[in-house]
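*Asks:* Below is one structure. I have some questions about it.
The values are calculated or read from the model by the stated rules, or taken from the named source; none is laboratory data. Only a predicted model underlies this, so the values are computations on that prediction, with no experimental measurement involved. Because the Cβ atoms are built from the backbone with ideal geometry, glycine has one as well, and the counts that use them run over all protein chains shown.
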RNA sequence: GCUCCCUUAGCUCAGCGGAUAGAGCAGUUGCCUUCUAAGCAACCGGUCGUUGGUUCGAAUCCAACAGGGAGCGCCA
């Protein structure tokens, strides 16, 4: 068997739906029998591109036409003649230029649905092998406000971490906080002026709006030369580890930490704090090791590694600077130290990760390519380990330009979330008044919070992460159409049926799929496992969003057009089962996106 | 100047080498006496930036060009 074909087959075994697997094997057997081919040839089976083509399609005949010197439809027909799939599907059809279409028998679909009803993983296998993975995401800067730009890293990173955990990997979620650097000199100097007693630790202070504090310090720094000098002295003192400076630094970090944590709690995002300062002591060693590996070059006073295959303006190789002319280290050094620590074995004080994922904006791809290359050349990346930058597009304003912190027009994450919840609340209250429903304040608050946060998360995750993102308040907070509330609503409808009918668990009665709405819902439900594995392959959460939206659409149609509780006796158990599996699938899928479900809304 | 990304319906975007390119929003029109209408059904809407190439088959892969964005030695 050829290498490509074997790889394809291996992939199928690992990742494809059980039925697809079975069919793929029968198909390959039939091909081997039907066609005079020297070696086994790839003849892949893929999900049908449209419902009218059935469940699966095989397109291999067209590619073989030239090799065999026969018309593709004839080839397809010979393969079909050798196929034995009666137990799984209707007789395969040759269509168009030479497609073979497969339609699974309703009884087979029904049996699959029944089986999945009792599986907490809904058919998704555990990964093999399971790996220790670090996901590095969120990473805001101390003394700065989290804004919409941080949302993408936080939400996408959290989603990827949830997915990999669900697949069985051991995931360490690290928050690479910007908690070190020259800006602290300025902040500490400013603290001296504003709250001198806090420095000695004799007084607890609340700095209130840290962002305003940062801005004041910055303004003063830009205007006042004496203050600049003071700031520089503070940097030196901090780096020398003077207790007073360290105390001030801790105070600033603590204040920021509280503000960040409030957001993470609200977003239900778990992170282990591991700021840049964590790597301070390892920095000299990074440079030393690079020296030993003979990678280090001193250029214009700076110590750097010249990169292979990356050139600058003058066509000369670009350097990655790891120690500045003044002896200070920079973020590249920190990133290298982090890579070493994460990939090192636990015995050596490392994390023992085999895969490290960085969720940052696409603008940093050059930087990561450089850092990864240097780590590789320094021999810090053991065989089988993988460093991966998972980039996302920029958040742009309506003008198509990057939303920048300093432009002043940035939207604070806190405000965005507040606004989202306010809108959800307003919408809910209005709706309840219209429908003359009574609701407790607790209910309203809880629904508004869940719906608002869900809308924000879904708006971000449903977009392909690699493309730039035109930020729009109204679009992000919309409650109609392809939005989180739409998916939540489908779920709520099912819970309504459960409440009304007592339970979704029907008396033991065979599932029998008849109505087209039942069949298409069953088909959609059964493809969940494939979608999850697809999403893992590319780390694209929008694939899962698209699936869940499609599933919800199919469910809403089913709900709209067929009665469940008032269905005829022979249909009710089937419809209840479909409702149950729909609810489970939506709940699990939304859970992987980091979105909570509610029972009423 | 160099490198990377993007260009698909009026708007915002999906689209994994396969058949007649899909959603949502906006617009037009129907549907609540029935499990929640945050819904359903229907209509309208396309030179997939341009030109070549590879392929049985290209929105998808390759090249060039045009337009937009980002990055490019001591910030992160």
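*Asks:* Is it fair to say residue A:115 is away from RNA strand B (no atom under 11 Å from the Cβ) and closer than 19 Å to residue A:531 by Cα?
*Replies:* On the way: away from RNA strand B (no atom under 11 Å from the Cβ): yes; closer than 19 Å to residue A:531 by Cα: yes.
Spelling it out, residue A:115 is indeed away from RNA strand B (no atom under 11 Å from the Cβ) and closer than 19 Å to residue A:531 by Cα.
*Asks:* Residues A:305, A:297, A:322: which one is in contact with a strand residue (DSSP E or B) (Cβ under 7 Å, 6 or more places away or on another chain), without any contact (Cβ under 8 Å) to a residue 24 or more places away in the chain, part of a strand (DSSP E or B) and outside the structural domain of residue A:235 (by TED's automatic domain parsing)?
*Replies:* On the way: A:305 fails: without any contact (Cβ under 8 Å) to a residue 24 or more places away in the chain; A:322 fails: without any contact (Cβ under 8 Å) to a residue 24 or more places away in the chain.
That would be A:297, the only listed residue that is in contact with a strand residue (DSSP E or B) (Cβ under 7 Å, 6 or more places away or on another chain), without any contact (Cβ under 8 Å) to a residue 24 or more places away in the chain, part of a strand (DSSP E or B) and outside the structural domain of residue A:235 (by TED's automatic domain parsing).
*Asks:* While we're looking at this one, here's another question. Across the range A:36-55, what is the number of residues that are modelled with pLDDT of 90 or more and within 20 Å of residue A:82 (Cα to Cα)?
*Replies:* Qualifying residue count, the range A:36-55: 6.
*Asks:* Among the numbered criteria (1) more than 10 Å from RNA strand B (Cβ to nearest atom); (2) farther than 22 Å from residue A:124 by Cα; (3) surrounded by fewer than 20 Cβ atoms within 10 Å (Cβ to Cβ), which one does residue A:588 miss?
*Replies:* So the condition that residue A:588 fails would be (2).
*Asks:* When you go through (1) assigned to a loop (DSSP other than H, G, I, E, B); (2) in contact (Cβ under 8 Å) with a residue 12 or more places away in the chain one by one for residue A:241, which number turns out not to apply?
*Replies:* (2)
*Asks:* Additional query: For residue A:423, are the conditions met, namely being out of contact with any strand residue (DSSP E or B) (no Cβ under 6 Å at 6 or more places or on another chain), in a helix (DSSP H, G or I) and near RNA strand B (Cβ under 8 Å from one of its atoms)? Show your work before the answer.
*Replies:* On the way: out of contact with any strand residue (DSSP E or B) (no Cβ under 6 Å at 6 or more places or on another chain): yes; in a helix (DSSP H, G or I): yes; near RNA strand B (Cβ under 8 Å from one of its atoms): no.
The answer is no for residue A:423.
*Asks:* On to the next question. Which one is modelled with the highest pLDDT among residues in the range A:380-405 that are within 9 Å of RNA strand B (Cβ to nearest atom) and in a strand (DSSP E or B)?
*Replies:* Keep residues of the range A:380-405 that are within 9 Å of RNA strand B (Cβ to nearest atom), which gives A:391, A:393-394, A:396, A:398-402, A:404.
Those left that are additionally in a strand (DSSP E or B): A:391, A:396, A:402.
Numbers: A:391: 93, A:396: 84, A:402: 69.
Per the stated criteria, the residue is A:391.
*Asks:* Let me ask something else. Got a number for residues in the range A:343-369 being assigned to a strand (DSSP E or B) and away from RNA strand B (no atom under 16 Å from the Cβ)?
*Replies:* To start, the set of residues in the range A:343-369 that are assigned to a strand (DSSP E or B) comprises A:355-361.
From the residues that got through so far, the ones that are away from RNA strand B (no atom under 16 Å from the Cβ) too are A:355-357.
Within the range A:343-369, residues that are assigned to a strand (DSSP E or B) and away from RNA strand B (no atom under 16 Å from the Cβ) number 3.
*Asks:* Please pick out the residue among A:517, A:537 that is outside the structural domain of residue A:358 (by TED's automatic domain parsing), assigned to a helix (DSSP H, G or I), within 11 Å of RNA strand B (Cβ to nearest atom) and over 15 Å from the mean Cα position of the chain (by Cα). Spell out how you get there, then give the answer.
*Replies:* On the way: A:537 fails: over 15 Å from the mean Cα position of the chain (by Cα).
Going through A:517, A:537 in turn, the sole match is A:517.
*Asks:* Sticking with this one: For the range A:298-317, enumerate the residues that are buried (at least 18 other Cβ atoms within 10 Å of the Cβ) and more than 32 Å from the chain's Cα centre (by Cα). First the steps, then the outcome.
*Replies:* In the first step, residues of the range A:298-317 are kept if they are buried (at least 18 other Cβ atoms within 10 Å of the Cβ); the result is A:303-305, A:307.
Within the range A:298-317, A:303, A:304, A:305 qualify.
*Asks:* For residues that are more than 8 Å from RNA strand B (Cβ to nearest atom) and closer than 15 Å to residue A:157 by Cβ, scanning just the range A:457-472, find the one that is surrounded by the most Cβ atoms within 10 Å (Cβ to Cβ).
*Replies:* If we take residues in the range A:457-472 being more than 8 Å from RNA strand B (Cβ to nearest atom) and closer than 15 Å to residue A:157 by Cβ, then A:457 is surrounded by the most Cβ atoms within 10 Å (Cβ to Cβ).
*Asks:* Using the structure shown, decide if residue A:289 is over 31 Å from the mean Cα position of the chain (by Cα) and at pLDDT 95 or above.
*Replies:* Numbers: over 31 Å from the mean Cα position of the chain (by Cα): yes; at pLDDT 95 or above: yes.
Yes.
*Asks:* Check the range A:521-528 and report whether any residue there is over 20 Å from residue A:116 (Cβ atoms) and part of a helix (DSSP H, G or I). Show your work before the answer.
*Replies:* Initial filter on the range A:521-528 (over 20 Å from residue A:116 (Cβ atoms)): none.
Within the range A:521-528 (the criterion being over 20 Å from residue A:116 (Cβ atoms) and part of a helix (DSSP H, G or I)), the answer is no, since none of the residues qualifies.
*Asks:* Return a yes/no flag: does the range A:370-379 have any residue that is at pLDDT 90 or above, in contact with a helix residue (DSSP H, G or I) (Cβ under 8 Å, 6 or more places away or on another chain), closer than 27 Å to residue A:175 by Cα and more than 15 Å from RNA strand B (Cβ to nearest atom).
*Replies:* For the range A:370-379, residues at pLDDT 90 or above, in contact with a helix residue (DSSP H, G or I) (Cβ under 8 Å, 6 or more places away or on another chain), closer than 27 Å to residue A:175 by Cα and more than 15 Å from RNA strand B (Cβ to nearest atom): present.
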